[in-house]
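**Student:** Got a structure here, written out as C-alpha cells. Questions coming.
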Amino acid sequence: MITVIVIALALCAVVLFYMAVRSRRKQAVQSLRQVDLTAFHTLLDRDDELFLQRKLPRSKFVGLKRHRIRVTVRYVARIASNASAVLHASEAARLSPMPEVASTAAQVMDLAAQIRLQCLLALFKLSLEYAMPSLQLTPAMLVPKYQTLRENVRRLGDLQTQNSIPLANAI
Amino acid sequence: MFPGLESGILVKKEMTLPYLIRDLGLAGLTLQGLLTFVLLARGSSRRFPFFSAYVFLSFVAGIVGYSLQKRPIAYFYSYWFGEALGIALGLLVVYEIFRHLFTVHGALLRLATVTFKIALGVLLLAGLIVFFQSPSHTSSLAKAILAVEQATRIIEVGLLMILFICSAAFGLHWKQAEFGIALGLGFFVTLELLAVTLHHLVGLHGAELLNVMRIVALDCSLVIWLGYLLTPERATATLDVPKAQLEQWNQAVMELINR
C-alpha cells in the first residue's frame, strides 16, 4: 500500500514539474488584461442576488448563481494574473539606485502580493458558494486594494523616466 | 539451435550493462566537472552556496567512488556517507530556493513560511511512517539505510512540490537559475525516490536497471542545471494597452469609488 502511495507521489511530482515548465513558457508571453470593474462590481452585488433569490424559483436561482460564480471566477483570475504581472514588472525597479523608486516598487510588490492572496481567498469563497449556493459569503476586498495598487503603479511610473504610463493604466 | 551464438549474445548482454553504467557514470562526472567550473566562473557559488556545495560534493563523491571501486567496504561506507550528505544538502538547496523566491515578497513570506513548516511537519510524519512500515529496516544496515533514504526522499520531493505549488498559487515569477536548480533537483530526487521504492520489488537484474535509471536521472539533472545556468534570463515584455480602453477603465474605477 505504502509503495503504491509513494509511486503515486513520485508520478504527481513528475506531472507537477512538467506543468511548471509549461507554465513558465506561458508566463514569458504573459500580458496585462483589463478588468471591466463595472461588470465585476455588478457580479459581486449582493442586493441583486437577494432580489433574484426572492423572485426566482430555487432551481432557477441555483443555476443562475452558479453561472454567475463561474463568470466571477474568470474576473478574479484576471485580477490575479494582472497582480502577478505587476509583481514581475516591479522586480527590476525594486533594485533601482534611486531610493524613492526602490521604496515605491517595494510597496507595489507588497500590494500586488496581498491582492494575489485576496484572489486566492475569493476563489476559495466562490468555490464554497458554488458547492452551497444558499451561502452568501462576503466578497473579498479586492476592489479598493486594486485601486491602491493602480495608484502606486502610476506613482512608480511617474518616478521612472522610461515606461511611465502603460503599466500603470493597463491594470 | 546455435548454442555458441546464444551464449555469445548472453555474454554480450551481461557485459553491456556494467559498461553502460561505467560510461554513464563517466559522462556524469564530466558534466559535474563542467557544472563546477560554470558555478565558479560565473560567481554563482556566492549566490547559491548550498547548491554549489551540493554540486562540489557530488563531484568529489563521484571521484572517490571511482577510486574505491576495488575496495568494497571502503566504497560502501564512502557511498552512503556521500548519499547522506547529499540528501542533507539537497534539503538545504530547497531552503535556499525558497529564500530566494520569497524573501523579496514580504507579504507572502509569512504565509509561505507557515505553509512550509506545516508541510515539513506532515512530510516528516509521512517519512517516519514509511520508515517504520518498511519490513526490512531492521534486517540489515544496507536495508535500514535504504529505508532512511526513502523517507528523506519523500520529504525532499514533497517540499519541492510545495515550493512549485506555492509559487504558482502566489503567481511568482522564477528567475532562470532558481527555476533550473529546483527543476533539476526535483527531477533527480523524484527518480531517486522511485528507484529506492522499487528496489525491494525487483530482482538482481532489475536492480541493475534501476541503477542505470538513477545514473541517467543524475546526468539529465546535470544537463538541466547547466542549461538553465548558461541560458540568459529572458527580458520582460513591454506591456501596453489601447488608450480608449484605459479611459473606460478609469471611468469604471471612479464610478465604483464614488458609490
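Rule-based calculations on the coordinates, nothing more; no lab input. All values derive from a computational prediction rather than experimental measurement. Every residue, glycine among them, receives a Cβ derived from its backbone with ideal geometry; neighbour counts consider all protein chains shown.
**Student:** Label-point separation (nm) for B:Ala88 and B:Leu20, each offset 7 Å from Cα along Cα-to-Cβ?
**Tutor:** Reported label-point gap for B:Ala88 and B:Leu20 is 3.5 nm.
**Student:** Compute the convex hull volume of the Cα atoms of region B:79-137, divide it by the residue count, and report the result per residue in Å³ as a whole number.
**Tutor:** Hull volume normalised by residue count: 68 Å³.
**Student:** In peptide B:182-195, what is the residue-averaged number of other protein chain Cβ atoms found within 10 Å of each Cβ?
**Tutor:** Mean partner shielding for this stretch: 3.
**Student:** Now a separate question. Add +1 for every Lys or Arg and -1 for every Asp or Glu among the other residues with Cβ under 12 Å from the Cβ of B:His105, and state the total.
**Tutor:** The answer is +2.
**Student:** Could you give me D for region A:44-158, from Stokes-Einstein at 20 °C and 1.002 mPa s, where the hydrodynamic radius is the Kirkwood radius over C-alpha pairs? Units µm² s⁻¹, please.
**Tutor:** 136 µm²/s
**Student:** Does region B:15-144 come out rounded, prolate or oblate by the C-alpha gyration tensor, with a ≥ b ≥ c the root eigenvalues, rounded set by a/c under 1.5 and, if not, prolate when a/b is larger than b/c and oblate if not?
**Tutor:** It is oblate, given that a/c is not under 1.5 and a/b is not larger than b/c.
**Student:** Quantify how strongly other chains surround peptide A:5-15 by giving the mean number of their Cβ atoms within 10 Å of each of its Cβ atoms.
**Tutor:** Per-residue shielding by partner chains comes out at 6.
**Student:** Which of the pairs B:Lys70/B:Lys143; A:Lys145/B:Lys117; B:Lys117/B:Lys175; A:Lys125/A:Lys145; A:Lys26/A:Lys60 have their Cα atoms more than 27 Å apart in this structure?
**Tutor:** Distance filter (> 27 Å) returns A:Lys145/B:Lys117; A:Lys26/A:Lys60.
**Student:** I'd like the FRET efficiency for A:Arg54 and B:Arg99, computed as 1/(1 + (r/R0)^6) with the beta carbon distance as r and R0 of 45 Å, rounded to 0.05.
**Tutor:** Using R0 = 45 Å, I get an efficiency of 0.25.
**Student:** Under 8 Å for C-alpha pairs, at least 6 residues apart: give me the relative contact order for chain A, rounded to a whole percent.
**Tutor:** Relative contact order here is 21 percent.
**Student:** Please list A:100-110, A:47-57, A:12-22 highest first by mean number of surrounding beta-carbon atoms within 10 Å per residue.
**Tutor:** Ranked by mean Cβ neighbours within 10 Å, highest first: A:100-110, A:12-22, A:47-57.
**Student:** Testing the spin-label approximation: label points 7 Å from Cα along Cα→Cβ at B:Met213 and B:Leu34. State their distance in nm.
**Tutor:** 2.6 nm
**Student:** On to the next question. In whole Hz and in residue order, list the ³J(HN,Hα) couplings for region A:120-126 that follow from phi through the Karplus curve 6.51 cos²θ - 1.76 cosθ + 1.60, θ = phi - 60°; x for Gly and Pro.
**Tutor:** Listing the rounded values in order: 4, 4, 4, 5, 5, 5, 5 Hz.
**Student:** For each of B:Thr231, A:Thr72, A:Thr38, count neighbouring Cβ atoms within 10 Å of the residue's Cβ, then give the residues from fewest to most.
**Tutor:** B:Thr231, A:Thr38, A:Thr72
**Student:** Follow-up. Can you compute the equivalent ellipsoid semi-axes for region A:23-89, i.e. the square root of 5 times each eigenvalue of the Cα gyration tensor, sorted largest first and rounded to whole Å?
**Tutor:** Equivalent ellipsoid of region A:23-89: 33, 13, 7 Å, largest first.
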